[in-house]
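Here is the structure we will look at, set down as structure tokens.
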Amino acid sequence: MKIIHTSDWHLGQRLFDHHRKEENDLFLDWFSEKINEIKADILIISGDIFDNGNPPQYALKQYYDFLKKTILTSCKCIVIIGGNHDSVSVLNAPGDLLSSFQIFVVGGAELEFCREVLEIKNNEKEIIAIVAAIPFLRDRDIHYTISGESFLERENRVKQGIINHYQNIGELCKKYEDLQIPIIATGHLFTTGAIKSESEKEIYVGNLGQIDANEFPKIFDYIALGHLHRSQKVAGKDYIRYSGSPLSMSFSESGYKHYFNLITFDNKTITNIERIEIPKFRKLVLLKGNLAEIIEKLSSEQISENKLHTWVEIQLNESQISPSEREKIIDLSEESNLELLSLRLMNRKLSWDSENEMDNNLSLSDLDIETVFMKKCSLMKFNDEVQSELVRSFKELLIWKNEQENL
Ligand SMILES: [Mn+2]
């Protein structure tokens, strides 16, 4: 049996106000064909299908078009869980309809744990695999604030709540142990021992929401994780993996290769795990250096053979540049067929004087909501603990707001 594991598509994402529709279209077409070619049996998507709780219409269409195309291949079952970026209600709304095509969606934690344990059946209605589909667990799913609780107490309770949830699901899977079929879990969370990148927005601050790889129940033959964008094994264990995202979500991730995982089972035993590289449909380039170095790098940047223009972010180690120097950078980018998305002066003294911001071409629309909030916090010079609490509450409010908008 062949199982494919992917995650963190972030459909609808924008990078410096540029949408990624073309890249996502190219990826989804390529991926669906690949699934057909491999003759995969089950596809698992481990959360963060969409970049936010209110995805644009084109992103919804991409998602449904992909599901339709893929379920007509050899892959007769698709399992999807919600990530922290997804709205539970957006994912769950078509859930009943999709389940009649063997596409199972668990957008948010279920009150009845058994609803997160999916029996995958063949045409003869025999169970061929179990997928424990555990979505991103929100605070309200696992923890109720107790007044007077310290930050540390709260952290431990959240962590224990996540562990308990996984263990309860593990218990429910025990009855299938004798069937000699793969018992797989999929989840969307941060596990200790894994490496993060800059663009992974943390819903939990500090160590909140992290669990150790050893705390997953031992019953699972493979654990398909989402949340981190870099493809990796967890704590050296071959059977616990992040597939990573199919494309770089920020310029800081542009150095990684992207993959999906193909896991081959013989009954309950994994016979092979292969990482299959995903082509980069658009090249992202991050250039760092002083003015002279940047000019040199821009002149030598190869014209991309990709279908789509290369996007560039420049981090300039200068405190200021003249309009003519700025002009030169823009001209050089154009000559090399590069699309300059962002030019940042790294040595500039941070000031929230709006005139300065205008000077440096940085406008509010270049920043996301959380960055603006963080910058505001740092101006207020709170101590770490107060700041963590504020950021946490702010993020909870953002999720709540997204969900309200999607009700
Ligand atoms: Mn995530």
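Read the figures in this text as sums done on the coordinates, not as results from a lab. No experiment lies behind these values; they were computed from the predicted model shown. When we count neighbours, we look across all protein chains shown, and the Cβ atoms used for this are built from the backbone with ideal geometry, even at glycine.
Using the alpha-carbon atoms, what tilt in degrees (0 to 90, nearest 10) does helix 369-380 show relative to the longest principal axis of the chain? Here the helix axis deviates by roughly 60 degrees.
If we count other beta carbons within 10 Å of each Cβ, what is the order of Ile142, Ile369, fewest first? It would help to have the intermediate numbers written out before the result.
On the way: Ile142 18, Ile369 12.
With the sparsest Cβ surroundings first, the list reads Ile369, Ile142.
For segment 14-74, the dipole from Cβ point charges (+1 on Lys and Arg, -1 on Asp and Glu) about the Cα centre works out to 160 debye, to the nearest 20. Rounded to two decimals, the Cα-based Rg/Rh of the chain, with Kirkwood Rh, is 0.99.
Here the contact order of segment 235-348, divided by its residue count and restricted to Cα pairs under 8 Å and six or more residues apart, works out to 21 percent.
Taking Cα centre as origin and charging only the Cβ of basic (Lys, Arg, +1) and acidic (Asp, Glu, -1) residues, the dipole magnitude of the chain rounds to 760 debye.
Let's test the formula: R0 of 30 Å, r as the Cβ-Cβ distance of Lys68 and His18. What FRET efficiency results, to the nearest 0.05? Plugging the Cβ-Cβ distance into 1/(1 + (r/R0)^6) gives 0.65. Using a cut-off of 24 Å between Cα atoms, the listed pairs Lys237/Lys268; Lys257/Lys375; Lys2/Lys218; Lys288/Lys376; Lys159/Lys376; Lys159/Lys257 include Lys257/Lys375; Lys288/Lys376; Lys159/Lys376; Lys159/Lys257 as exceeding that distance.
Protection proxy ranking, highest mean first, for peptides 237-247, 27-37, 95-105: 237-247, 27-37, 95-105, where packing is the per-residue count of other beta-carbon atoms within 10 Å, averaged. Rounded to the nearest 20, the size of the Cβ-charge dipole of segment 90-184 about its Cα centre is 140 debye, with Lys and Arg at +1 and Asp and Glu at -1.
Within a 10 angstrom radius of the beta carbon, how do Phe265, Phe16 rank from fewest other beta carbons to most? Walk me through the numbers on the way to the answer.
Details: Phe265 21, Phe16 14.
Lowest to highest Cβ neighbour count: Phe16, Phe265.
Working from Cα pairs under 8 Å separated by at least six residues, relative contact order for the chain is 15 percent.
Highest mobility in the GNM of the chain, judged by mean-square fluctuation with C-alpha springs under 10 Å and restricted to Gly82, Gly148, Gly12, is found for Gly148.
Legend: Rg and Dmax of segment 92-170, from Cα coordinates, 16.1, 56 Å. As a rough footprinting exposure proxy, the listed residues Thr192, Thr73 were ranked by other beta carbons within 10 Å of their own, and the order from fewest upward is Thr192, Thr73.
Its residue count N fixes a reference of 2.2 N^0.38 Å for segment 1-58, and the Cα radius of gyration divided by that reference is 1.26. Each label was represented as a point 7 Å from its Cα along the Cα-to-Cβ direction; for Asn36 and Asn383 these points are 6.2 nm apart.
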